[in-house]
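Report on one structure; see the data block that follows.
The values are calculated or read from the model by the stated rules, or taken from the named source; none is laboratory data. No experiment lies behind these values; they were computed from the predicted model shown. Positions of Cβ are backbone-derived with ideal geometry, glycine not excepted, and every protein chain shown enters the neighbour counts.
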Protein chains: 2
Amino acid sequence: MNAEIIAVGSELLTPTKIDTNSLWLTDQLNTLGIEVVLKSIVADDRPRLTAQIAAAFERSDLVLITGGLGPTEDDVTRDAAAAALGIGQTFQPKIADQIAALFVRLGRKTMAENNKRQAFVLDGAEVLANPRGTAPGQWIAKNGRVVILLPGPPREMKPLFTEQCCPRIEKLLPPIVIRTRFYRVAGIGESDLDQLIAPVYTKYTNPVTTILASPGDIHIHLRARCTTAAEAETLLTEVAEPILELLGDRVYSDDGADLETTVGRKLKAKNAWLAVAESCTGGLIGERITSVAGSSNYFRGGFLTYTAQMKHEMVGVPLEMLAQHTAVSEPVVKAMASGARIKTKADYALSVTGYAGPEGGDDGTPAGLVWIGLATPVGVEANKFQLWGDRERVRSVAGIYALDWLRKKLSERS
Amino acid sequence: MNAEIIAVGSELLTPTKIDTNSLWLTDQLNTLGIEVVLKSIVADDRPRLTAQIAAAFERSDLVLITGGLGPTEDDVTRDAAAAALGIGQTFQPKIADQIAALFVRLGRKTMAENNKRQAFVLDGAEVLANPRGTAPGQWIAKNGRVVILLPGPPREMKPLFTEQCCPRIEKLLPPIVIRTRFYRVAGIGESDLDQLIAPVYTKYTNPVTTILASPGDIHIHLRARCTTAAEAETLLTEVAEPILELLGDRVYSDDGADLETTVGRKLKAKNAWLAVAESCTGGLIGERITSVAGSSNYFRGGFLTYTAQMKHEMVGVPLEMLAQHTAVSEPVVKAMASGARIKTKADYALSVTGYAGPEGGDDGTPAGLVWIGLATPVGVEANKFQLWGDRERVRSVAGIYALDWLRKKLSERS
């Protein structure tokens, strides 16, 4: 079985916009053992989109179309799909009612008239409920092929695909078993990691190994396709074991959990409380920690000590220390961590101070220099990093290094 | 004139690979005033690629094809283009000699036999010399349309396009100028906005209006194409003025600046300092404010008061108030804002407390209920919002509403 993905939207045809939906869908489809043979991005243009859908339906088993299901005149996917497949559309009052109910729940007075466009369903299509937005998806089976209409916003599209499309697609597939392993790694660069583990995984075409990197954080996917689950698991273990051996404690998750979730679990397991004192990251670490539901069980709070004065007043860094060593220094980052820990009565406290850029320090310290502090029940430590990249990258990587250090500390036997 | 880009290569259809060539080419083409109306990525698959090129040639003025010009069996672009356009190919000994010479220059002994495949040229095509690689590009003009074959490696493709394609394309273009306007809007939903301004912009096909929405934040692009700059600006003003009139103070930026940059500029202009006290957003607002370089000129810092105890200790919310009204209440959010403002000696302070979800309050308050507070030099106010969506959306929209409220407050005449 092969698949083709069509992304709809003129905004996706600008020089800066990346169609991330199709990357994610490719990953999902590959996991199901389905190859993506063609991807396209089409403007909000009825005739062009109609032609592209018709051609896709002609040549591919599965056609996924993302976007263009909104309420405006620009949203042409429903009409184009209907025209390409030669089937009609019917207004479904029940869907209109659901959209209207959503509007009420949102506290808006009434549904805008044009939202009714979203209640049209292609004849014979199954409606794929989209509780996270107003436009439902649609599943159209015809001539042994399937066309799926999906909403464009990733936060609506992804759960809808996982919950409603994957089970339906699996029913269409021959009985093959796919098993996967998924590891997340911090504290090593992509090429270093690849150099380390390539001698292992390149020996195998099954399982397939995929390495996905973002700054400071790497995902390793192993995917085995076999006729039995036992065979797949054996193959996966054969490859995974030496990889895990090589990576050691740099692997922070084997179930997809992100770094903040992993840290949260460890804090909870220890019944420990965390606090932060952030300068150059300005709240990024607190934001990540509290992005996890239930973080109020282990995150007490923190201080955004953006100015020197605030470092003094909020977490008690001595003014003389700031004057003597500057705000970006080992004693200050330690005092920040200790101060935050004491003020909040937390067990652990992370602190960050540095030059996120583009400017460095007045004293010639380069941008990207970041101190991270960690106060624990037994003391306080600090580490210095010279990070590269723009302001956004420096802040993001500093946050990852801080969380990863805490993770390792929480894993130590005490 | 419009263009379509086809990238060739199965490796571009994996979950991690981004076709950066097409982004770069889109930028180049836009600069020439040419709109990209469709992009596709096709596997190394002769029939599919032939069909895609034929369809592209049918519907678009300019078809750019990158990749698939190499020496192996997998490299099917030449053959597919010839088949799609119904023209033959001829072996050109001169090109074979150039490739052989390049091999000598690179210190390789002899040219591999299959490199001779790269010396086939479509009949009637202009050869686009590629001094940085072995595969030359090709420029095929037919029926008033143009198909361009470009090498896939960016370091070969980019200079070849700039040096050899741009001048040829410019000769085909009517003297045209493109002018754009770009507005960012907060505090209104996409369909409400569209319903409000559609009566204005749908009257015009030039300028083209595009509306792009993410939760709580909308971008409006106007793009006029005319023979003179003056004419384009007049048209843009004709459409933009009534749109701006309808949107009023919901428009926060007309130069692409994001909300945190806009807020930062206003604080700086007033010589005012900001502080925050964040509960359910956990640092998100501080993170956004400090993502702007130079924010140390107006952001003093903040408090992540994640627990009730921290709301009391860090910003002085009375314990009785917390007990009587709960942490998610008007008096508490006001006390948080006032407390943060006083403790940091800032001029303005934003506070947020709410249920980000998935859980609501123990007292039955639903998830998504968020109080935002704003303390200013003249007093403190609070607003309640019932937001929908998951934890991530609720936090993100709460942050936008808080920043947008501050923006409006800073715009008031005092």
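Here's a check for you: in the stretch B:377-390, which residue that is crowded, with 20+ Cβ neighbours inside 10 Å and not small (G, A, S) is farthest from B:V276 (Cα to Cα)?
B:W388
What is the residue count in the stretch A:386-413 for residues that are over 19 Å from the mean Cα position of the chain (by Cα) and farther than 26 Å from A:K270 by Cβ?
6
Can you give me the ranges of the strands (runs of 3 or more DSSP E) entirely in the stretch A:238-327 with at least 1 residues that are buried (at least 21 other Cβ atoms within 10 Å of the Cβ) and facing another protein chain (nearest Cβ under 10 Å)?
On the way: elements: A:251-253, A:274-278, A:299-305.
Output list reads A:274-278, A:299-305.
Just wondering, is there one or more residues in the stretch A:222-236 that are farther than 30 Å from B:G189 by Cα, crowded, with 19+ Cβ neighbours inside 10 Å and within 14 Å of chain B (Cβ to nearest Cβ)?
yes
From the list A:L25, A:L12, which residue is within 17 Å of B:E4 (Cβ to Cβ), at the interface with chain B (Cβ under 9 Å from one of its Cβ atoms), assigned to a helix (DSSP H, G or I) and under 26 Å from the mean Cα position of the chain (by Cα)? Give the derivation first.
On the way: A:L25 fails: within 17 Å of B:E4 (Cβ to Cβ).
Exactly one of A:L25, A:L12 is within 17 Å of B:E4 (Cβ to Cβ), at the interface with chain B (Cβ under 9 Å from one of its Cβ atoms), assigned to a helix (DSSP H, G or I) and under 26 Å from the mean Cα position of the chain (by Cα), namely A:L12.
Residue by residue, here is whether (1) more than 22 Å from B:P174 (Cα to Cα); (2) out of contact with any strand residue (DSSP E or B) (no Cβ under 9 Å at 6 or more places or on another chain); (3) in contact (Cβ under 8 Å) with a residue 40 or more places away in the chain; (4) surrounded by fewer than 22 Cβ atoms within 10 Å (Cβ to Cβ) holds:
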| site | (1), (2), (3), (4) |
| --- | --- |
| B:Q28 | no, yes, yes, yes |
| B:V36 | no, no, no, no |
| B:S40 | yes, no, no, no |
| B:T50 | yes, yes, no, yes |
| B:I65 | yes, no, yes, no |
| B:L69 | yes, no, yes, no |
| B:T72 | yes, yes, yes, yes |
| B:G88 | yes, no, no, yes |
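Just one of A:G189, A:G216, A:G152, A:G144 is over 27 Å from the mean Cα position of the chain (by Cα) and of a type outside the set (D, E, K, R); which is it? Please lay out each step first, then the result.
Numbers: A:G189 fails: over 27 Å from the mean Cα position of the chain (by Cα); A:G216 fails: over 27 Å from the mean Cα position of the chain (by Cα); A:G152 fails: over 27 Å from the mean Cα position of the chain (by Cα).
Of the residues listed, the single one that is over 27 Å from the mean Cα position of the chain (by Cα) and of a type outside the set (D, E, K, R) is A:G144.
Any idea which of (1) within 33 Å of the chain's Cα centre (by Cα); (2) in contact (Cβ under 8 Å) with a residue 12 or more places away in the chain is the one B:E58 doesn't satisfy?
(2)
Mind checking which residues of the stretch B:116-155 are of a type in the set (A, V, I, L, M, F, W, C) and farther than 18 Å from B:T72 by Cβ? So that I can check it myself, show each step before the final result.
Going through the stretch B:116-155, the residues of a type in the set (A, V, I, L, M, F, W, C) turn out to be B:119-122, B:125, B:127-129, B:135, B:139-141, B:146-150.
Correct list: B:V121, B:L122, B:A125, B:V127, B:L128, B:A129, B:W139, B:I140, B:A141, B:V146, B:V147, B:I148.
Collect the residues in the stretch B:328-362 that are out of contact with any Leu (no Cβ under 8 Å at 6 or more places or on another chain), assigned to a helix (DSSP H, G or I), among the β-branched types (V, I, T) and surrounded by 21 or more Cβ atoms within 10 Å (Cβ to Cβ), keeping them in residue-number order.
Of everything in the stretch B:328-362, those that are out of contact with any Leu (no Cβ under 8 Å at 6 or more places or on another chain), assigned to a helix (DSSP H, G or I), among the β-branched types (V, I, T) and surrounded by 21 or more Cβ atoms within 10 Å (Cβ to Cβ) turn out to be B:V333, B:T344.
Which residue out of A:A135, A:A82, A:A51 is outside any helix (DSSP H, G or I) and either within 29 Å of B:K39 (Cα to Cα) or within 11 Å of another protein chain (Cβ to nearest Cβ) (or both)?
Numbers: A:A82 fails: outside any helix (DSSP H, G or I); A:A51 fails: outside any helix (DSSP H, G or I).
Every option except A:A135 fails the conditions.
What are the residues in the stretch B:261-309 that are free of Cβ contacts under 8 Å to residues at least 24 places away in the same chain, in contact with an Asp or Glu (Cβ under 8 Å, 6 or more places away or on another chain) and under 16 Å from A:R288 (Cβ atoms), if any?
If the condition is that a residue be free of Cβ contacts under 8 Å to residues at least 24 places away in the same chain, in contact with an Asp or Glu (Cβ under 8 Å, 6 or more places away or on another chain) and under 16 Å from A:R288 (Cβ atoms), then B:G283, B:G286, B:E287 are the ones that fit.
If you scan the stretch B:166-184, which residues turn out to be touching a residue at least 60 places away in the same chain (Cβ under 8 Å) and in contact with a strand residue (DSSP E or B) (Cβ under 9 Å, 6 or more places away or on another chain)?
B:I169, B:L172, B:I176, B:V177, B:I178, B:R181, B:F182, B:Y183, B:R184
When you check B:A84 against the structure, is it crowded, with 20+ Cβ neighbours inside 10 Å and out of contact with any strand residue (DSSP E or B) (no Cβ under 7 Å at 6 or more places or on another chain), yes or no? It would help to see each step written out before you state the result.
Values: crowded, with 20+ Cβ neighbours inside 10 Å: yes; out of contact with any strand residue (DSSP E or B) (no Cβ under 7 Å at 6 or more places or on another chain): yes.
The answer is yes for B:A84.
Give the residue that is farthest from B:K142 (Cα to Cα), with candidates limited to residues of the stretch B:28-48 that are small (G, A, S) and within 7 Å of chain A (Cβ to nearest Cβ). Let's see the steps before the verdict.
Of the stretch B:28-48, the ones small (G, A, S) are B:33, B:40, B:43.
So of that shortlist, the ones also within 7 Å of chain A (Cβ to nearest Cβ) come out as B:40, B:43.
Numbers: B:S40: 21, B:A43: 25 Å.
By that ranking, first place goes to B:A43.
How many residues are in a strand (DSSP E or B) and touching a Gly at 6+ places or on another chain (Cβ under 7 Å) if we restrict to the stretch A:382-397? I'd like the intermediate steps shown before the answer.
First pass over the stretch A:382-397, keeping only residues in a strand (DSSP E or B): A:382-386.
Still in the list and also touching a Gly at 6+ places or on another chain (Cβ under 7 Å): A:382, A:386.
The number of residues fulfilling the criteria is 2.
If you check B:G339 against the conditions, is it within 14 Å of chain A (Cβ to nearest Cβ), touching a residue at least 24 places away in the same chain (Cβ under 8 Å) and touching a helix residue (DSSP H, G or I) at 6+ places or on another chain (Cβ under 6 Å)? Quick ask: steps written out before the conclusion?
On the way: within 14 Å of chain A (Cβ to nearest Cβ): yes; touching a residue at least 24 places away in the same chain (Cβ under 8 Å): yes; touching a helix residue (DSSP H, G or I) at 6+ places or on another chain (Cβ under 6 Å): yes.
The answer is yes for B:G339.
Looking at the stretch B:117-132, is at least one residue of a type in the set (A, V, I, L, M, F, W, C), in the same structural domain as B:D44 (by TED's automatic domain parsing), in a helix (DSSP H, G or I) and over 31 Å from the mean Cα position of the chain (by Cα)?
Within the stretch B:117-132, the first condition is being of a type in the set (A, V, I, L, M, F, W, C), and the residues that meet it are B:119-122, B:125, B:127-129.
The next check asks that each one be in the same structural domain as B:D44 (by TED's automatic domain parsing); those that pass are B:119-122, B:125, B:127-129.
In the following step, the residues that additionally are in a helix (DSSP H, G or I) were identified as B:119.
Now drop any that are not over 31 Å from the mean Cα position of the chain (by Cα), which leaves B:119.
Taking every residue of the stretch B:117-132 in turn, at least one turns out to be of a type in the set (A, V, I, L, M, F, W, C), in the same structural domain as B:D44 (by TED's automatic domain parsing), in a helix (DSSP H, G or I) and over 31 Å from the mean Cα position of the chain (by Cα).
If you scan the stretch B:165-186, which residues turn out to be over 23 Å from the mean Cα position of the chain (by Cα) and surrounded by fewer than 16 Cβ atoms within 10 Å (Cβ to Cβ)? Walk me through how you get there before you give the answer.
Taking the stretch B:165-186 as the starting set, the residues that turn out to be over 23 Å from the mean Cα position of the chain (by Cα) are B:165-176.
The answer is B:C166, B:P167, B:R168, B:E170, B:K171, B:L172, B:L173, B:P174, B:P175, B:I176.
From the list B:I372, B:I400, which one is within 21 Å of A:E287 (Cα to Cα) and part of a strand (DSSP E or B)? Working first, answer last.
Details: B:I400 fails: part of a strand (DSSP E or B).
None of the others qualify; the one that does is B:I372.
As an exercise: evaluate B:L246 against (1) closer than 19 Å to B:K408 by Cα; (2) at pLDDT below 90 and give the number of the one condition it does not meet.
The number of the failed condition is (2).
Here is a yes/no grid of residues against (1) among the charged types (D, E, K, R); (2) surrounded by 15 or more Cβ atoms within 10 Å (Cβ to Cβ):
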{"position": "A:A119", "(1), (2)": "no, yes"}
{"position": "A:A141", "(1), (2)": "no, no"}
{"position": "A:L150", "(1), (2)": "no, yes"}
{"position": "A:P154", "(1), (2)": "no, no"}
{"position": "A:E163", "(1), (2)": "yes, no"}
